[in-house]
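Accompanying notes for the structure given below.
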Amino acid sequence: MAKSTVVLEVKNVERHYAQGEKKLTILNGANLTLKRGEMVALVAPSGSGKSTLLHMAGLLEKPDAGEVIIGGRSCGTLSDDARTAIRRNDIGFVYQFHHLLPEFSALENVMLPQLVHGLPKKDAAERAQQLLEYMRIGARAKHRPTELSGGEQQRVAIARAVANAPLLLLADEPTGNLDPVTAGYVFEALGALVKQSGLCALIATHNHELASRMDRGVTLHKGKLVEWKPALSL
Ligand SMILES: Nc1ncnc2c1ncn2[C@@H]1O[C@H](COP(=O)(O)OP(=O)(O)OP(=O)(O)O)[C@@H](O)[C@H]1O
């Protein structure tokens, strides 16, 4: 990665969808900068474009205008292969539903991306175990997803997302499917990981309490990102 501590830059990003004859503008000059070690909440009403923004930042979709820069590389003009490589090496994704592979243990689920990355099995297993310990579920490493609680499954999913030491973690409602206490545990584990590893995270959430515990918050207003204040009722 470049020397700069800036990991993600979203610059004047626009995204429009066709709705019949009409043009639906979702992002309209969205700007955002994320630095190493930062955990930023994305709090905005349903349908305002949170997932759309995460898709742009995660190189899953291309903006209609503007630029996404990751680790100093402007991604718009890169080939599909280069974008896939950045997605695989530098970005971790966490979703509301964990999408763990049911036939594999927690440990194996965290090992898999590392094996795909070419890491020897022994090293992948060691790192996977370390990450699970870090998420305080090391003792459940041999269990399959169905033998784990929702919060435990989500912690495995987070460990898997950071297994290849990405620069950037993008999470779409990672605690949306959990009760408030479990959501708090998962959030704490995620926060500790961000601080410890120096990655940065953009986390879409409807949970204002969790959002207020992050370094800062942003919200979407008329397609632009503006600072979010915990007191604001959205
Ligand atoms: N491929 C698409 N084609 C047309 N419209 C789309 C497409 N994807 C998203 N939209 C529309 O764009 C808007 C923003 O969607 P998005 O999923 O980004 O919202 P969101 O803020 O993540 O919502 P939620 O909190 O409900 O998940 C919505 O009105 C949605 O219907």
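Table for the structure above
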| read-out | value |
| --- | --- |
| Mean Cα-pair separation over length for the chain, i.e. relative contact order, pairs under 8 Å, 6 or more apart, % | 29 percent |
| Probe 1.4 Å, accessible area per residue of the range 86-233, Å² | 48 Å² |
| Mean separation of Cα contacts under 8 Å, 6 or more apart, over the residue count of the range 84-179: relative contact order % | 47 percent |
| Helix 180-197 vs. the chain, principal-axis angle (Cα, 0 to 90°, nearest 10) | 90 degrees |
| Angle in degrees between helix 80-90 and the longest Cα principal axis of the chain, rounded to the nearest 10 | 60 degrees |
| Whole-Å semi-axes of the ellipsoid equivalent to the chain (Cα gyration tensor, √5λ, descending) | 29, 21, 16 |
| Ordering of 77-84, 119-126, 104-111 by packing [mean C-beta count within 10 Å, highest first] | 104-111, 119-126, 77-84 |
| Computed lengthening from THR146 to THR84, 0.36 nm per intervening residue step minus Cα-Cα distance | 19.3 nm |
| Too-long pairs where the Cα-Cα distance tops 25 Å, listed order kept, from LYS11/LYS35; LYS22/LYS50; LYS62/LYS229; LYS23/LYS50 | LYS62/LYS229 |
| Rounded to 10°, Cα long-axis angle of helix 121-134 versus longest principal axis of the chain | 70 degrees |
| The range 1-127, accessible surface, carbon-and-sulfur percent (1.4 angstrom probe) | 52 percent |
| HN-Hα J in Hz across the range 36-53 - Karplus 6.51, -1.76, 1.60, θ = phi - 60°, x for Gly and Pro | 3, x, 8, 10, 10, 8, 10, 10, 7, x, 4, x, 7, x, 4, 5, 4, 5 |
| Alpha-carbon centroid distance for the pair the range 188-234 / the range 105-148, whole angstrom | 27 Å |
| Relative contact order (%) - the range 20-99, alpha-carbon pairs under 8 angstrom, separation at least six | 19 percent |
| In nm, spacing of pseudo-spin labels at GLU103 and ALA18 (7 Å Cα→C-beta vector) | 4.0 nm |
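The values are calculated or read from the model by the stated rules, or taken from the named source; none is laboratory data. Given the structure is predicted, the values throughout are model-derived calculations rather than measurements. Positions of Cβ are generated from backbone atoms using ideal geometry, with glycine treated the same way; all protein chains shown enter the neighbour counts. These accessible areas exclude ligands, DNA and RNA; they are computed on the full protein's heavy atoms, side chains included. Shrake-Rupley method; radii C 1.70, N 1.55, O 1.52, S 1.80 Å.
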